[in-house]
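The values are calculated or read from the model by the stated rules, or taken from the named source; none is laboratory data. As the structure is a prediction and not an experimental result, all values here were calculated from the model. Cβ atoms come from the backbone with ideal geometry, glycine included; neighbour counts cover every protein chain shown.
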Amino acid sequence: MANRNRELGTATLGGLVAGGLVSTALGMADISFSTAIGAFVGGLVAAYLLYGKTSQSAIAGALSGALGTPFFLGVSQILLIFEVIPLPSGPTPQLSELQAAVVVILMMNLIAGAIGAVILSAVHHPPKSLPPPPPPPGSAAGPVRYCVQCGAQLPSGAMICTHCNARQPQ
């Protein structure tokens, strides 16, 4: 159980950082929906790090998308302080309008992150329907293991497939 939580946390953190940096870069280029695009990318990264576990990928993608909002806001403020990006011009919105916008952006990022994770999880790691190939003739005696993802024969004691880099159950 602890290993699964660590894996979920690592994927969420990876998605958060990747999505936050993409959001910031797109925001600096003044691209609309930069945080949602960043959250989507964060969801993709989270799913890639979880090796196709769809339900966990969706959770990690949603978390990285939602947590990407404060990450983006913090990085944006730092860039404003150091005058890397100019201060926005125009009328200052009321506090209630800003609060409502943050809630909407947070929900949009949560959904975008989950969608990105589920899409990559389904596309990058299709369902396991193929049986493992038969062992080659003359193989060493003892339990022979095959990759749960691609079916390749694993070296003795391997925790990660040398063919597709999928983590193997213990």
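Looking at ALA47, is it closer than 30 Å to PRO169 by Cα and at pLDDT 90 or above?
The answer is no for ALA47.
Quick test for you: out of GLY15, GLY27, pick the one residue that is within 8 Å of the chain's Cα centre (by Cα) and not basic (Lys, Arg).
GLY15 is the lone residue from the list that is within 8 Å of the chain's Cα centre (by Cα) and not basic (Lys, Arg).
Does LEU8 satisfy the criteria of being under 13 Å from the mean Cα position of the chain (by Cα) and within 21 Å of ASN165 (Cβ to Cβ)?
Yes; evaluated as a whole, the condition is true for this residue.
Just wondering, is there one or more residues in region 45-57 that are in the same structural domain as ALA117 (by TED's automatic domain parsing), outside any helix (DSSP H, G or I) and more than 20 Å from the chain's Cα centre (by Cα)?
Scanning region 45-57, I find no residue that is in the same structural domain as ALA117 (by TED's automatic domain parsing), outside any helix (DSSP H, G or I) and more than 20 Å from the chain's Cα centre (by Cα), so the answer is no.
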